[in-house]
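See structure below.
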Amino acid sequence: MKRIQIAEAAFEKVNSAESFRKTGYSVIDLLAEELDKSNQTVMEPALHWETPERQLEYWENDFYAEKIEDPVPLFREIIKRSINMTRRGNLGHQISAPHPVSILTSALMAYLNNGMGVYEVGMAGNVMEKIVVRDLSRRFGLPEDASGFVTSGGSLGNLTALLSAKEKFLKENPDTRHEQLAILVSEEAHYSIERAVAVMGLPKENLIKLPIDADFRMRTDLLEEYRQKAESTGRRIFCVVGCACSTSTGAFDNLKSIAAFAKPFDVWFHVDAAHGGPVIFSTRYKQLLKGIEDADSIVMDFHKMMGVPSLSTAVFYRHVGYAQLAFSQHAKYLWQNQQSEEWYNSGKRTFECTKPMTILHIYTILRMYGSEIYEQQIDFLYGLAELFSETMMTRPEFEVLSKPQSNIVCFRYIGKGTDLNGLNREIQKKIVRDGTFYVVGTMAYDQYYLRISLMNTRTTSLDLMKLADSIVFIAGQIEEDRNRTSV
Ligand SMILES: *Cc1c(COP(=O)(O)O)cnc(C)c1O
């Protein structure tokens, strides 16, 4: 009896609405303070770098310390010890600086915790998904009977689409053996395609990579030759993947030519538009996606260019029937009618069983700011990338890999020494240790390049000039150190 009373007292405390309200207000104050810092004209650091060992030591101590009443100091410490996506100098990976309202929809999503897989546990959410997906598929120019849903991440989205492609091919070509199935893709494709191939149990060499041209686009003129070569060794091409855009350099494949290749052979045309899909909102840049209207499936991340917290990804199918192909496993207790589409039961089409209601973020952003906000965002961030690359091209200390096609720019510092790879790697490391900026690196033609993704609408061209100047400064220090040690 006593045990139950103690437990009841504990539940009362845990479930208290009053303490939720109190803590909630302080948390909002804390986050608003952080947003304020990100919006200021002085640049607050993107991160305070610390070694994994030091972090481990800190958190191990924290974890086993005495229980806390108020979580706010803990949250403050977490923020201090994490990269801050809204800071202007955060130019690293393709993860959004979330729109502030989506921090609030995250709270709403957590409160509702609707599992989405069946209609009852996601009544509003499943319908919102249908509406947003239909709106977007119209923008892409897909037919009226196109379909789709939201899932957790581009990697899972790509796998899901490729599974559908495989099932369709096997259905139509029942004499094909699994190990014959092959995919054509550019050598710049995201590694999630390679993972999908591994998950599907296809031989590694059945992911056939086409070389790229000088602009890092797939050599579509070689598609037919590669197809013939594959078929002559007994393989069957069931899918071709276009990148829109590639992760490493931000190059958009020529989707129109890929579509033209795929059609006569009835090869499934998948577009990995995880990063670049949102250019569909921009009158100025949407021609980069020309040909996407012929896709059999498309993947587009909301958590990259659309200011939504991770993970939230849309998968689109040209025809409603395709969506059903990926997962034929039936759970009789969940769905009455196994054959019908039942768009409102999203678990029939996604890998996920319990699925978060991430549609709340994009739905709310669109309701508040309209699709214009995305056009403005694309135009601004793509424009900023162009401006940065043009300026860098005029500076003799720098080399730009290629004219940017998106908001991703790759460049490097040209020093006096011969070891440019070593120098630029060292520069990247030092930038991260300093923390004002966060930039990453990539390889192209076996050379190491610094790489920035412009994701944050707070970043200005002046900030980017400051980055360039600090690279020159850091490089000077490194070269000085090298000279000293070589003397
Ligand atoms: C980011 C990205 C992915 C993977 O998406 P996640 O949401 O990180 O799983 C796949 N393809 C491309 C082109 C990407 O940019």
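The values are calculated or read from the model by the stated rules, or taken from the named source; none is laboratory data. Treat the numbers as computed from the prediction; the structure is a model and nothing was measured. Note: ideal-geometry Cβ built from the backbone for every residue, glycine included; neighbour counts use all protein chains shown. When the accessible area is computed, the model is the full protein with side chains, heavy atoms only, and any ligands, DNA or RNA have been set aside. Shrake-Rupley method; radii C 1.70, N 1.55, O 1.52, S 1.80 Å.
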Failed condition for residue 192, given (1) open to solvent by less than 30 Å² (accessible area, probe 1.4 Å); (2) closer than 20 Å to residue 159 by Cβ; (3) more than 16 Å from the ligand (Cβ to nearest atom), with all others met? (3)
Tally of residues being of a type outside the set (S, T, N, Q) and part of a helix (DSSP H, G or I) across the range 97-119: 11
Residue 274 versus (1) touching a residue at least 60 places away in the same chain (Cβ under 8 Å); (2) closer than 18 Å to residue 132 by Cα; (3) within 16 Å of the ligand (Cβ to nearest atom); (4) out of contact with any Asp or Glu (no Cβ under 6 Å at 6 or more places or on another chain): which is the lone unmet condition? (4)
Verdict on residue 48 being surrounded by 11 or more Cβ atoms within 10 Å (Cβ to Cβ), closer than 30 Å to residue 305 by Cβ, touching a residue at least 60 places away in the same chain (Cβ under 8 Å) and out of contact with any strand residue (DSSP E or B) (no Cβ under 7 Å at 6 or more places or on another chain): yes
Kindly evaluate residue 308 against the criterion of being surrounded by fewer than 22 Cβ atoms within 10 Å (Cβ to Cβ) and within 21 Å of residue 352 (Cβ to Cβ). no
Within the set of pairs 6+ apart or on separate chains, which have a first residue in the range 454-470 that is farther than 24 Å from residue 307 by Cβ, a second that is assigned to a loop (DSSP other than H, G, I, E, B) and charged (D, E, K, R), and C-beta atoms under 9 Å apart? 468/395; 468/397
Residue that is farthest from the ligand (Cβ to nearest atom) [pool: residues in the range 79-96 that are assigned to a loop (DSSP other than H, G, I, E, B) and without any contact (Cβ under 8 Å) to a residue 60 or more places away in the chain]: 81
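For (1) touching a Pro at 6+ places or on another chain (Cβ under 8 Å); (2) open to solvent by 30 Å² or more (accessible area, probe 1.4 Å); (3) not in a loop (DSSP other than H, G, I, E, B), each residue gets a yes or a no:
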{"position": "241", "(1), (2), (3)": "no, no, yes"}
{"position": "256", "(1), (2), (3)": "no, yes, yes"}
{"position": "264", "(1), (2), (3)": "no, yes, yes"}
{"position": "274", "(1), (2), (3)": "no, no, no"}
{"position": "287", "(1), (2), (3)": "no, yes, yes"}
{"position": "293", "(1), (2), (3)": "no, yes, yes"}
Looking at the structure I just gave you, is residue 383 open to solvent by 10 Å² or more (accessible area, probe 1.4 Å) and either over 23 Å from the mean Cα position of the chain (by Cα) or touching a residue at least 60 places away in the same chain (Cβ under 8 Å) (or both)? no
Can you find a residue that is surrounded by 13 or more Cβ atoms within 10 Å (Cβ to Cβ), β-branched (Val, Ile, Thr) and more than 30 Å from residue 431 (Cβ to Cβ) anywhere in the range 55-73? yes
Which one is nearest to the ligand (Cβ to nearest atom) among residues in the range 138-156 that are over 18 Å from residue 288 (Cβ atoms) and part of a helix (DSSP H, G or I)? 155
Could you tell me which residue of the range 195-208 is farthest from residue 253 (Cα to Cα), considering only residues that are touching a strand residue (DSSP E or B) at 6+ places or on another chain (Cβ under 6 Å) and within 16 Å of the ligand (Cβ to nearest atom)? 197
Just the residues that are more than 13 Å from the ligand (Cβ to nearest atom) and in contact with a Leu (Cβ under 6 Å, 6 or more places away or on another chain), please, taken from the range 240-271. 240, 261
Would you pick out the residues in the range 429-487 that are charged (D, E, K, R) and open to solvent by less than 80 Å² (accessible area, probe 1.4 Å)? 430, 451, 458, 463, 479, 481
Check whether at least one residue in the range 70-83 is of a type outside the set (A, V, I, L, M, F, W, C) and within 22 Å of the chain's Cα centre (by Cα), and report yes or no. yes
Within the range 357-377, identify whether any single residue is touching a Gly at 6+ places or on another chain (Cβ under 6 Å) and either in contact (Cβ under 8 Å) with a residue 60 or more places away in the chain or open to solvent by less than 50 Å² (accessible area, probe 1.4 Å) (or both), and answer yes or no. yes
Within the range 227-238, can one find any residue that is within 16 Å of the ligand (Cβ to nearest atom), surrounded by 24 or more Cβ atoms within 10 Å (Cβ to Cβ) and within 26 Å of the chain's Cα centre (by Cα)? no
So, restricting to strands (runs of 3 or more DSSP E) that lie completely within the range 379-484, which ones have at least 2 residues that are under 24 Å from residue 85 (Cβ atoms)? 408-413, 440-444, 447-453
Which residue, of 128, 116, is more than 16 Å from the ligand (Cβ to nearest atom) and buried (at least 23 other Cβ atoms within 10 Å of the Cβ)? 116
When the range 83-128 is checked residue by residue, the ones that are among the hydroxyl-bearing types (Ser, Thr, Tyr) and either closer than 18 Å to residue 305 by Cβ or modelled with pLDDT of 95 or more (or both) are 86, 96, 102, 105, 106, 111
Residues of the range 167-183 classified as open to solvent by less than 20 Å² (accessible area, probe 1.4 Å) and away from the ligand (no atom under 16 Å from the Cβ), total: 3
